[in-house]
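Notes follow the structure.
The values are calculated or read from the model by the stated rules, or taken from the named source; none is laboratory data. Quick caveat: nothing in here was measured; it's all calculated off a predicted structure. Note that each Cβ is placed from the backbone with ideal geometry, even for glycine, and that neighbours are counted across all protein chains shown. For accessibility, only protein heavy atoms count, side chains too; no ligands or nucleic acids. Shrake-Rupley method; radii C 1.70, N 1.55, O 1.52, S 1.80 Å.
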Amino acid sequence: MHWPFSSWDNLRVKTASPSELFRKLPSVDDLMRAAELSALAASYGHESVVEAVRPVLARLRQEIASGLLDEKALDLALSGLPAAIENELRQALRYSLRPVINATGVILHTNLGRAPLGNAAIEHIRETAASYSNLEFDLGAGERGKRDAHVDRLFRKLLDDEWQGASHTNSAGLRPVEKLRAGSGGTAEAAVSTRAAVATIAVNNNAAAVLLALNTLAEGGEVIVSRGELVEIGGSFRIPDVMTKSGAILREVGTTNRTRTSDFERAITERTRLLLRVHRSNFEITGFTEQPSTAELVALARKRGIPLIEDLGSGALFDLRSVGISCEPGVLDSLRSGVDIVTYSGDKLLGGPQAGLISGSAELVRRMRSNSLFRALRVDKLIYAALEATLLAYVRRDHNAIPTLRMMRLTKNEIGERAEALSARIATEKLKAEVVDGESLLGGGAAPSSVLPTRLLALTCDGLSANELAAQLRTADPPIIARVEEGRVLLDLRTVFPEQDIALAAALARIVR
Ligand SMILES: *Cc1c(COP(=O)(O)O)cnc(C)c1O
């Protein structure tokens with residue numbers, strides 16, 4: 001049977017009334033019997049095709065009712081029904097989560113999925129996902145093992161001063177952990193006396209890491225935080241709220257702009273369980289300001305035998321000073337200065353998968369691991385696979401294997417050359433392209449002033465406003481996300497993979513045509 005619905009009743013000449021037009025519409029059952037739709041049903045499933053038929057027919061009914069279709073137009077629409085239904089089907093069955101081209105220049109863009117993973121991480125995810133693994137199985141002993149063992153061993157290497165080498169010690173004037181701790185006299189349970197005792201566990205994300213740390217170490221007791229660090233990150237993570245959920249009591253000290261070590265000291269009582277420091281991440285306080293240094297808080301924590309934890313947020317595992325950013329403390333900086341526990345994200349500056357990492361005193365980490373919340377917040381084997389591959393790149397010091405680090409290390413010149421090449425390729429009478437100086441952002445809650453100099457491709461298109469051009473770029477396949485500033489669309493190739501430059505050029509050519 002072939003398509004029967006277009007040529008029905010072709011002989012009539014008088015204008016058809018809407019009710020006559022409605023009568024020409026086939027029923028869903030009629031349609032499903034047609035050969036074209038049987039073929040679709042064979043590859044997409046009967047139900048999906050029926051689901052796609054309904055809205056297409058509903059649109060036709062709507063168009064007839066509003067007088068948009070005469071008989072001829074309806075015949076045309078009916079002959080195009082199989083194509084319309086197939087199109088509807090493809091739209092409905094398309095993935096909602098799709099890759100996009102990030103031309104914003106924000107390296108860790110939370111809305112765009114933060115860190116893209118490197119090839120080794122993707123390959124390790126693939127092989128782990130497609131097969132059984134020794135996730136919780138000790139191959140040597142032939143018995144049950146721990147899933148965190150796979151990454152803890154790599155973190156031990158990365159956070160071990162000796163392995164890091166003497167050149168790193170004393171960078172930024174920080175003293176090695178063991179020297180600071182030698183003077184603590186082992187007063188607190190928290191005080192780690194040897195460097196080897198640094199342990200790491202992973203949970204779902206950094207919000208979960210903070211929750212687990214506070215719940216384990218401070219439930220029912222007080223946690224002292226500076227009023228200048230009671231931050232909200234991304235709308236749904238607020239320190240006071242997480243504190244409440246953890247069962248700990250927030251004890252704020254100081255003022256928004258100025259907090260001193262003595263404020264912390266005065267607030268300490270027998271109910272105090274923790275001192276907490278939070279990276280401000282998405283804002284800065286400038287002007288008449290004062291915050292205790294990490295070293296001062298460490299000294300106070302040691303003196304009073306109370307653990308100090310730091311929510312680093314981004315938590316870099318490599319030295320950001322190497323790309324000209326000096327205001328972001330790394331994980332190692334914090335641990336070296338004597339902070340007992342640091343929490344940080346896996347998919348921010350670390351450049352790995354979404355995870356929350358808790359590193360520091362092995363004794364405190366052991367307590368968190370035995371909290372039942374740790375089981376509820378645990379991460380999946382695919383995340384361990386991606387984390388392990390990302391950490392191995394650090395261990396091998398192969399920073400270019402990690403896409404976000406590679407993007408950070410691109411020079412303004414390298415980006416400028418690509419922008420010039422793309423500009424030459426796309427510029428037309430209608431599409432004006434200019435390469436200008438600008439700034440890329442680290443994003444992901446790194447200090448808001450953490451910018452990298454870049455070269456931007458600035459576009460204007462005759463007959464389209466900048467917002468319209470940006471909207472058209474978003475409908476490209478894959479969608480392209482750009483910045484709009486001062487009536488121009490700005491493309492920052494720092495965050496565009498070089499192999500995507502061609503897709504960018506093709507999308508622009510299509511829009512201009
Ligand atoms: C980003 C951030 C968080 C939240 O981390 P997620 O991994 O997104 O849960 C918490 N604290 C700080 C300081 C941050 O910057």
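Here are the numbers:
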read-out	value
Selection status of residue 218, among the aliphatic types (A, V, I, L, M), modelled with pLDDT under 95 and more than 12 Å from the ligand (Cβ to nearest atom)	no
Any hit, region 131-150, residues being in contact (Cβ under 8 Å) with a residue 12 or more places away in the chain, open to solvent by 30 Å² or more (accessible area, probe 1.4 Å) and hydrophobic (A, V, I, L, M, F, W, C)	yes
Some residue of region 375-386 being closer than 27 Å to residue 506 by Cβ, out of contact with any strand residue (DSSP E or B) (no Cβ under 6 Å at 6 or more places or on another chain) and in a loop (DSSP other than H, G, I, E, B)	no
Leading residue by the ranking (nearest to residue 483 (Cα to Cα)) among those in region 77-121 that are free of Cβ contacts under 8 Å to residues at least 24 places away in the same chain, assigned to a helix (DSSP H, G or I) and open to solvent by 80 Å² or more (accessible area, probe 1.4 Å)	111
Test: residue in region 395-418 that is within 16 Å of the ligand (Cβ to nearest atom), closer than 30 Å to residue 490 by Cβ, open to solvent by less than 10 Å² (accessible area, probe 1.4 Å) and touching a residue at least 40 places away in the same chain (Cβ under 8 Å)	yes
Tabulated pairs, region 482-494, first outside the structural domain of residue 460 (by TED's automatic domain parsing) and at pLDDT 95 or above, second among the polar types (S, T, N, Q) and open to solvent by 30 Å² or more (accessible area, probe 1.4 Å), C-beta under 6 angstrom, 6+ apart or interchain	none
Exclusive hit being at pLDDT 95 or above, open to solvent by 30 Å² or more (accessible area, probe 1.4 Å) and either among the acidic types (Asp, Glu) or not in a helix (DSSP H, G or I) (or both), set 448, 453	453
Count of residues meeting criterion [open to solvent by 10 Å² or more (accessible area, probe 1.4 Å) and within 19 Å of residue 340 (Cβ to Cβ)] in region 305-326	5
